[in-house]
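Quick notes on the structure that follows.
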Amino acid sequence: MLLLLFALLISSNSAFQSDELLLDDEEFGLEGGRSPSIDLTLSSPSPPIQSHVHIPPKPTRKRSLDSESDSRVQFVLEHALGDSSEFSAAGTFTARLKASANGGQILTKLRFSRNDLTATEKEKFKKLLEDDDFYRIRLPSDVLNASGRDYVISSVKARCLPKDGLEEHIIIHMEGVNILAVSYGSHGACQHPRKLRFPSKWSFNSHTILKYNDQAPRTPTFSEDIGGVEIGDDEGVKPLERSFWAKYWMYLIPLGLIVMNAVTQAMNMPEEQASGAAGAQPQQAVGAGPRGQNAAVRRR
Amino acid sequence: MIYCSNHDPPAPLFFLYSSQRNPATDLEQPKSNLIAMAMAIKLSLLLLFFLSSLIPTFSLFEDQVGFMDWHQRYIGKVKHAVFHTQKAGRKRVVVSTEENVIASLDLRRGEIFWRHVLGSNDVVDKIDIALGKYVITLSSEGSILRAWNLPDGQMVWESFLSGSKSSKALLTVPANLKVDLDSPIFVYGGACLYAISSIDGEILWKKDFTAEGIDVHQLLLPDGSDVVHAVGVTDLSQFDTYEINVRNGGLLKHASASFPGGISGEILPISSDKFVALDARSSILVLISMKEGQIDLQQTHVSDLIHGSSGNTVILPSKLSGIFSISTDTFIAFIKVTNEGKLDVMQKVDKMVVVSDALSLSEGEQAFALVQHGDSKIHLSVRLVHDMSSNHLKETVKMDHERGYVHKIFINNYVRTDRSHGFRALIVMEDHSLLLLQQGEIVWSRDDGLASVIAVTTSELPVEKLGVSVSKVERSLFEWLKGHMLKLKGTLMLATPDEVAAIQKIRLQSSEKSKMTRDHNGFRRLLIVLTRAGKLFALHTGDGRVVWSSLLQSLRKSDQCTDPTGLKLHQWQIPHHHALDNNPSVLVVGRCGLSLSASSAMSIVDAYTGKELHNMGPAHSTVQVISLPFSDSTEQQLHLLIDADKRAHLYPRTPEAAEIFQRESENVYWYSVEAEAGILRGYGVKSSCNLGVPNEYCFETRNLWSIVFPSESERIIATVTRKANEVVHTQAKVIADEDVMYKYVSKNILFVATVSPKASGPIGSATPDESLLVVHLVDTVTGRILHRMSHSGSQGPVHAVLSENWVVYHYFNLRAHKYEISVIEIYDQSRAENKDVLKLIVGKHNLTAPVSSYSRPEVTTRSQSYFFTHSVKAISVTSTAKGITSKHLLIGTIGDKVLALDKRFVDPRRSLNPTQAEKEEGLLPLTDALPIIPQSYITHAFKVEGLRGIETVPAKLESTTLVFAYGVDLFFTRLAPSRTYDSLTEDFNYALLLLTIVALVVAIFVTWVLSERKDLQDKWR
């Protein structure tokens, strides 16, 4: 049951995509919440609205120094249009660093602002659509250190993106402050014979989700001795008690047979006596008891 | 007994199954995919549930062993051999091998008397025989010394020698040295010298050489003296000899002499007081002689000794007293050392000659053997040390081409009937086989290359054609009848023990199973295995015999290819429709050298004859081999070989293949795992290579995605994918309440397990708080992480198997101090709405829509963990032709056995108290641990020593799967995870069935006549 609940929880998390425009509201941060997976969903329907917040798209980070536990980080999404082109800045993620419950830091309140596509980028994107080529993005693997180890790259066939505008769906898998992987794609399905279609609006409609690690589920009955999880009720144990029938059926069936046999025999006795008295079948009456009994059984 | 058996969706059939030897049963739960049908069979389900509360097993009766399984025992490439022929009733030789096996072999027939497989981390360094009854082995770099009883192989004693630093491992067993009624053994290991009692393995004394900084090369014990000489080198430039009292380990004498030239290689003893070594540049031979406690060095230029020699000089390790041998680029020279310390070249022989150690015949007489390779024969000559000029014995033995060159030789002498010396030689060949030569003949041979299988594939046998029946003429009718009478007797339990044995023999020898043609059920196949020696073997699945073997030219040592290793074995051509005239063939890919960037070697081998059809010499490097799901008009599979520069090379190199590939190249993706860096990368094909010369079979690739695991918290320890040829019967899974779940069936799922760096060591090296196991399911086309989950307090090693929509993996839980098996099943939510029958009929469903990896997957996962008692060496899963039959996990346990575990036991949907509907479905109540039922070991009484892998191949019969487990041993069997519901067993007694029918007919007539008569009587009354 718990397993099912857990599964439901996960599925609802990933299935539900709020399209509510979330501004800088403070109660969204799940303060002190120890949720195994923190999914922050937000969408920025039109980038120009937010683009004034962070204008310089440089691969740098800013930390507001107001408090240790609640500092801001910024990292840049870069994209490449086609094979030959280099990666260039395409948008900025902002998030808050927070100390997590089990030590280390995690990100919360992720916000994303997309830069406008420039004219050359639009041209390049059109070319991608025509060639059915890949649109590639990348993020630094370490959000605190943009020039860090490596970039996580993701790509999608450009033709998957256009709907009304350009729909994108970004899932960022995190491990502490490191970005493990980014899943990038269209918001919905991408039909297989990809048709060439140009968007009516050349702006991105972004949905972002931040994902942390899930703890593997284990049925609590057995994990109490390993994980220290208490379960008070003994509901988990009682159902193991089998019913009387389930326990003793192997004795009961032979017993039933014996009883049935005895009953049959008992019923035969009077019948035999009756037939003996009537004398309707002398040759059988003369015969021994067992034979008579057999005959009776056969008649049945 | 009557059983109602399995019903599967395509044809729900019930039939009566009659046999009196049913090891209690199992009946599998149905996997119906049609909801409507679920209603119809509900009643029968109830019945099924009643029966399936019993646990499924594969138990086997004693007389069925060897009926459809075979087991072969091997030892591997022999490193050392010690003969023991005195006194013992049976003549035997004790060998140690590169697979870390110690075995005692019968000298007459080559059979294994006894054998011990030490683990892969317990490498055997030296073996010897002590006291004439113990086999002494030194292993693990001289830190473990064991004595085994020679006749039966029981361990007598074991000593752990804890050295302070790693060093050479040396073992000296003096022939006749007595110290206080004890015969000590001298061992040098871990920079310490030990004297160990050969009776009980107790350490008598220990002398530590750590402080001296000496690297001891030889331990010598001159006959009759009670002084051990340890000869070694300090700082590569100073010779040191230590004389040590055998009684108490006291240092008697120490002498040293420095040699500024430095030395390379080993110091070789010539006699008890003379040694020879080479200087660092391999140009000067240094003769070291000890006289009255002084070391005297004599230098001789190799070029002075052997005119025209050109570098690469090596002293061969053969110990020939008074002489030694050096090998140069072109030849081997035997050099005699005179008493005055002069070096004389005695003879030069060809470079391919292999030399044995010297063997003392009688006092002062010593002999050694030389083997020279000729054209399809080898020449063995035995020479006496004091008289090199003539051969004491010269024999020529015909030798199979496919065995390659001789690698090693060990000789032994015996007294002939005419009281002269006879010699027998044990030779190790290039293909790792072991042969015994005596009197110019091969007395026996062992294909021990099969102990190191690295890749397995299968091939169909040829179709039986009319008129050219391969099988023998059927036995006469009388024989046939006799056989059936015997069988009948057996079933009616009337047979005498002799007759039972006869029945068993008939059964095992049934020519049916070892025929060389394709059979209707697909049980007869060729197992094609590639061994570490670069030899390809074809084994018949019926009886395990070697049909052909071929030493691949491309994987032999040559000037272009100095260090060849086999890598992969793929099916190259699988004739089906248009190309039935061609024989199937396999592709072997190897690498010349140890580094990833070494050039690769390829061969295409005919699967029926073993002939090498093509042989592509050193080419580009190969990191990965990808078998593409396309084939050309001659049914040749397209393969992509990825080189170290991430270029893709297409094979076969035909314009047709290039055209097919160009057409499909847009949908070709692959990934690489950089385990050290912790990065997964995905690639796609871009354009043709630009290497100066136009090459239409080479393609540039581009990086499409990457996943970077943070090096401070995660390290990749295991990656597993689905088997490429796996068949999934149905996408839907009917669960309780007639609900349907859709499996997320994708060929592109990759399972990745990572652990925290601290926990990547052996179990126990990290605390539960430090260790974290994280498992990921990654889509290899887009690089999406479909599922990610962590097990805290757990660590590797992780063994996993991925099949259909589930992955099962095994790891260690540090908190519970137990091994665990976990399962993840992944389901597709986007198809979950297709439940309405009406919609299905109208066609408003998306079940037939093409699936694109670029669509955002809506998946949901279920998972559960169970404790498992054993640690595991390999995990595999059964596979059947259509994927209908339920699956069993095949778990290679630490005891080298293979356990079959029903997949139902690791169902994540198991709950503590399943509902009635779930029970009907066959869901088992949740338990803490997975049961290990002794009857479900498919290897029954056998052990597959050194188990490394388990391969499963579907037979044509849906219920059956062929299982091949390999390690040092080979084991093959046939499994029916849901019992053979689609055929009668082979030992089904048709005669008994006929007899029963006849008896019934007779009984009907008799009773009819009787009842007629009774009726008549009744009427007359």
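Taking the condition of being part of a loop (DSSP other than H, G, I, E, B), closer than 18 Å to B:Ser445 by Cα and of a type in the set (Lys, Arg), how many residues in the range B:87-128 meet it?
Total meeting the criteria: 3.
Residue under question is B:Leu901, and the condition is that it be closer than 15 Å to B:Thr952 by Cα, modelled with pLDDT of 85 or more and outside any helix (DSSP H, G or I); does it hold?
Judged against the criteria, B:Leu901 is a match.
Mind checking whether some residue in the range A:126-140 is part of a loop (DSSP other than H, G, I, E, B), surrounded by 20 or more Cβ atoms within 10 Å (Cβ to Cβ) and under 27 Å from the mean Cα position of the chain (by Cα)?
No.
With the checklist (1) assigned to a strand (DSSP E or B); (2) within 24 Å of B:Arg403 (Cβ to Cβ); (3) touching an Asp or Glu at 6+ places or on another chain (Cβ under 9 Å) in hand, flag the one item B:Leu569 doesn't pass.
All conditions are met except number (3).
For the range B:388-442, which residues satisfy the criterion of being touching a residue at least 60 places away in the same chain (Cβ under 8 Å), more than 15 Å from B:Val354 (Cβ to Cβ) and basic (Lys, Arg)?
Passing the criteria: only B:Arg424.
Select from the range A:144-162 the residues that are part of a loop (DSSP other than H, G, I, E, B) and at the interface with chain B (Cβ under 7 Å from one of its Cβ atoms) and write down the one among them that is nearest to the chain's Cα centre (by Cα).
Checking each candidate, the answer is A:Asp150.
Can you tell me which residues in the range A:180-205 are basic (Lys, Arg) and closer than 13 Å to B:Ser853 by Cβ?
Of everything in the range A:180-205, just one residue is basic (Lys, Arg) and closer than 13 Å to B:Ser853 by Cβ, namely A:Arg194.
Write out, first by first residue and then by second, each pair whose Cβ atoms fall under 7 Å of each other, whose residues are 6+ apart or on separate chains, and whose first residue, in the range B:903-921, is on the phi < 0 side of the Ramachandran plot and more than 9 Å from every other protein chain (Cβ to nearest Cβ) while the second is of a type in the set (Ser, Thr, Tyr) and crowded, with 18+ Cβ neighbours inside 10 Å.
Pairs found: B:Lys903/B:Ser886; B:Val906/B:Tyr866.
Can you tell me which residues in the range B:820-850 are within 11 Å of chain A (Cβ to nearest Cβ) and either at pLDDT 90 or above or touching a strand residue (DSSP E or B) at 6+ places or on another chain (Cβ under 9 Å) (or both)?
B:Glu820, B:Ser822, B:Val823, B:Ile824, B:Glu825, B:Tyr827, B:Gln829, B:Ser830, B:Ala832
Within the range B:949-1007, count every residue that is surrounded by fewer than 18 Cβ atoms within 10 Å (Cβ to Cβ) and of a type in the set (Val, Ile, Thr).
9
Can you name the condition, by its number, that B:Thr97 falls short on among (1) out of contact with any strand residue (DSSP E or B) (no Cβ under 9 Å at 6 or more places or on another chain); (2) at pLDDT 90 or above; (3) not charged (D, E, K, R)?
It is condition (1) that B:Thr97 fails.
Search the range B:637-660 for residues that are free of Cβ contacts under 8 Å to residues at least 24 places away in the same chain and pair each with any residue that is in a helix (DSSP H, G or I) when their beta-carbon atoms are under 9 Å apart and the residues are at least 6 apart or on different chains.
B:Leu638/B:Ala657; B:Leu638/B:Ile660; B:Leu638/B:Phe661; B:Leu638/B:Glu664
For B:Tyr194, work out the one condition from (1) under 31 Å from the mean Cα position of the chain (by Cα); (2) part of a strand (DSSP E or B) it doesn't fulfil.
Of the numbered conditions (1) under 31 Å from the mean Cα position of the chain (by Cα); (2) part of a strand (DSSP E or B), the odd one out for B:Tyr194 is (1).
So how many residues does the range B:796-818 have that are assigned to a loop (DSSP other than H, G, I, E, B), within 9 Å of another protein chain (Cβ to nearest Cβ) and of a type in the set (S, T, N, Q)?
Looking only at that region, the number is 0.
What number of residues within the range B:235-269 satisfy the criterion of being assigned to a strand (DSSP E or B) and closer than 23 Å to B:Thr300 by Cβ?
The qualifying residues number 15.
Please report, ordered by residue number, the strands (runs of 3 or more DSSP E) entirely within the range B:697-795 with at least 1 residues that are within 11 Å of chain A (Cβ to nearest Cβ), in contact with a Leu (Cβ under 8 Å, 6 or more places away or on another chain) and crowded, with 22+ Cβ neighbours inside 10 Å.
B:698-708, B:749-755, B:772-779, B:785-792
Residue by residue, here is whether (1) within 24 Å of the chain's Cα centre (by Cα); (2) at pLDDT 80 or above; (3) charged (D, E, K, R); (4) surrounded by 15 or more Cβ atoms within 10 Å (Cβ to Cβ) holds:
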site: B:Ser514; (1), (2), (3), (4): yes, no, no, yes
site: B:His520; (1), (2), (3), (4): no, yes, no, no
site: B:Leu526; (1), (2), (3), (4): yes, yes, no, yes
site: B:Ala533; (1), (2), (3), (4): yes, yes, no, yes
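Go through the range B:378-419 and give me each residue that's closer than 25 Å to B:Leu536 by Cα and either surrounded by 13 or more Cβ atoms within 10 Å (Cβ to Cβ) or aromatic (Phe, Trp, Tyr) (or both).
B:Ile378, B:Val397, B:Met399, B:Asp400, B:Glu402, B:Arg403, B:Gly404, B:Tyr405, B:Val406, B:His407, B:Lys408, B:Ile409
Filter the range B:163-178 down to the residues that are part of a loop (DSSP other than H, G, I, E, B) and under 20 Å from B:Asp208 (Cα atoms) and list them by number.
Once the filter is applied, which keeps residues that are part of a loop (DSSP other than H, G, I, E, B) and under 20 Å from B:Asp208 (Cα atoms), the range B:163-178 yields B:Gly163, B:Ser164, B:Lys165, B:Ser166, B:Ser167, B:Lys168, B:Ala169, B:Val173.
Exactly one of (1) out of contact with any Leu (no Cβ under 8 Å at 6 or more places or on another chain); (2) at the interface with another protein chain (Cβ under 7 Å from one of its Cβ atoms) is unmet by A:Gly165. Its number?
(2)
Got a number for residues in the range B:378-416 being closer than 12 Å to B:Gln438 by Cα and among the basic types (Lys, Arg)?
2
Among the residues that make up the range B:257-264, is at least one of them hydroxyl-bearing (Ser, Thr, Tyr) and closer than 21 Å to B:Thr328 by Cα?
Among the residues of the range B:257-264, at least one is hydroxyl-bearing (Ser, Thr, Tyr) and closer than 21 Å to B:Thr328 by Cα, which makes the answer yes.
All but one of (1) outside any loop (DSSP other than H, G, I, E, B); (2) buried (at least 23 other Cβ atoms within 10 Å of the Cβ) hold for B:Ala917; state the number of the condition that does not hold.
In the conditions (1) outside any loop (DSSP other than H, G, I, E, B); (2) buried (at least 23 other Cβ atoms within 10 Å of the Cβ), B:Ala917 misses (2) alone.
Do you know which residues across the range B:159-174 are over 21 Å from B:Glu266 (Cβ atoms) and free of Cβ contacts under 8 Å to residues at least 40 places away in the same chain?
Matches in the range B:159-174: B:Phe160, B:Ser162.
In the range A:85-142, what residues are within 14 Å of chain B (Cβ to nearest Cβ) and at positive phi?
Result: A:Gly103, A:Gly104, A:Asp132.
Of the residues in the range B:370-390, how many are over 18 Å from B:Ile335 (Cβ atoms) and part of a strand (DSSP E or B)?
10
Could you list all residues from the range B:927-943 that are part of a loop (DSSP other than H, G, I, E, B) and either away from chain A (no Cβ under 14 Å) or not acidic (Asp, Glu) (or both)?
Of everything in the range B:927-943, those that are part of a loop (DSSP other than H, G, I, E, B) and either away from chain A (no Cβ under 14 Å) or not acidic (Asp, Glu) (or both) turn out to be B:Thr927, B:Leu930, B:Pro931, B:Ile932, B:Ile933, B:Ile938, B:Thr939, B:His940, B:Ala941, B:Phe942, B:Lys943.
The values are calculated or read from the model by the stated rules, or taken from the named source; none is laboratory data. Small disclaimer: the values here were computed from a predicted structure and weren't measured. Every residue, glycine as well, gets a Cβ built from its backbone with ideal geometry; the counts of neighbours run over all protein chains shown.
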